[in-house]
Amino acid sequence: MGVQNPVKRLFMSLTQGVYVVGVADDGLHNAFTASSVMQVSLQPPMLALAVNPANASYPMLVGGGIFAVTVLRDGQQDLADYFGNHSARNENKLGTVAWRASPAGAPVLDEGVSYFDCRVFAKHPAGDHVVILAEVTGGDFLQQRGRPLRYDELGDMDGSDELLPDRLGASALSRRG
Ligand SMILES: Cc1cc2nc3c(=O)[nH]c(=O)nc-3n(C[C@H](O)[C@H](O)[C@H](O)COP(=O)(O)O)c2cc1C
């Protein structure tokens, strides 16, 4: 799929889904594509989401303190591309798709497989991203069937081929605690 960088190919072997994360703050709504979402706790149910703080969505996510994760399904590459390669700085992305507000108030795409309503619990800097730890406060299936889309099916849609180093070696981070 046109991926040259061996480190990118290695990271593509980590099984990740593809999600649209909806945010809401002070009457404003936006959404962006994310692949860096994982379950981290059972009691209480919690998710982690890694967000680039340069995203227009980031201040809305932190300000509103909530977000909703819509799980994309097989065949929704176009949605992943649209929400991941366009920014609220230039357009109203949610004006182009059917969506609803979750019980917590964050945008959920009608066409997804399922969604999770999340409340921000903590945030932690992680290299060029910020890891958001969130409690899952709600969620449901949106469709009867549908296989979740996988990140490795998108080739280099997110441009990380160029952003990742092309080899792994000495740590760029100082060790903590
Ligand atoms: C396949 C794919 C996966 C992405 N994963 C993430 C991610 O996990 N975290 C993130 O912050 N941005 C991710 N992005 C980038 C954002 O979706 C992108 O920067 C988006 O334009 C931000 O929109 P906004 O400026 O409206 O918030 C991803 C993009 C694509 C195409």
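What follows is calculated from the coordinates using simple rules that are stated; it is not laboratory data. It should be emphasised that the depicted structure is a prediction, and the values quoted were computed from it without experimental measurement. When we count neighbours, we look across all protein chains shown, and the Cβ atoms used for this are built from the backbone with ideal geometry, even at glycine.
How about segment 118-154: which trypsin sites (Lys or Arg not before Pro) there lie in a loop by DSSP and see at most 10 other Cβ atoms within 10 Å?
ARG145
Please report the relative contact order for segment 6-162, taking Cα pairs under 8 Å with a sequence separation of at least 6, and give it as a percent rounded to a whole number.
29
Skipping prolines and chain starts, which residues have an amide H placed within reach, meaning under 5 Å, of the one on LYS123, given they are 5 or more residues away or on another chain?
LEU133
Does segment 6-162 classify as rounded, prolate or oblate by the C-alpha gyration tensor (a ≥ b ≥ c root eigenvalues; a/c under 1.5 gives rounded; else a/b over b/c gives prolate, otherwise oblate)?
rounded
In a shell of Cβ-Cβ distance under 12 Å around SER57, excluding SER57 itself, what net charge do Lys and Arg (+1) and Asp and Glu (-1) give?
That sum, taken over residues with Cβ under 12 Å, equals +1.
Starting from the 7 Å offset along Cα-to-Cβ, what nm value, one decimal, do you get for the label separation of HIS124 and GLN144?
Going from the HIS124 label point to the GLN144 one covers 4.2 nm.
Checking the a/c ratio against 1.5 first, then a/b against b/c, what shape does the Cα gyration tensor give for segment 1-96?
Oblate, because a/c is 1.5 or more while a/b does not exceed b/c.
Applying the Karplus parametrisation 6.51 cos²θ - 1.76 cosθ + 1.60 with θ = phi - 60° to the phi angles of segment 9-22, what ³J(HN,Hα) value in whole Hz is obtained for each residue in order, glycine and proline being reported as x?
These are the phi-based 3J(HN,Hα) values: 5, 4, 5, 5, 7, 6, 6, 10, x, 10, 10, 10, 9, x Hz.
Any idea how far the Cα center of segment 119-177 sits from the one of segment 5-47, in Å?
Cα centroid of segment 119-177 versus Cα centroid of segment 5-47: 5 Å apart.
Just want the ordering: LEU42, LEU164, LEU10, LEU61, from fewest to most Cβ atoms lying within 10 Å of their own Cβ.
LEU42, LEU10, LEU164, LEU61
Using amide H atoms built in the peptide plane, which far-off residues or other-chain residues are under 5 Å from LEU149 H to H?
VAL18, LEU72, ARG73, ASP74
Among ASP78, ASP25, ASP158, which one shows the highest mean-square fluctuation when the chain is modelled as a Gaussian network with alpha-carbon springs under 10 Å?
Maximum fluctuation in the GNM of the chain, among the listed residues, is at ASP78.
Which whole-Hz couplings ³J(HN,Hα) result when phi for each residue of segment 120-135 is put into the Karplus expression 6.51 cos²θ - 1.76 cosθ + 1.60, θ = phi - 60°, listed in order with x for Gly and Pro?
Along segment 120-135, the couplings run 5, 10, 7, 9, 9, x, 8, x, 8, 10, 10, 7, 9, 9, 9, 7 Hz.
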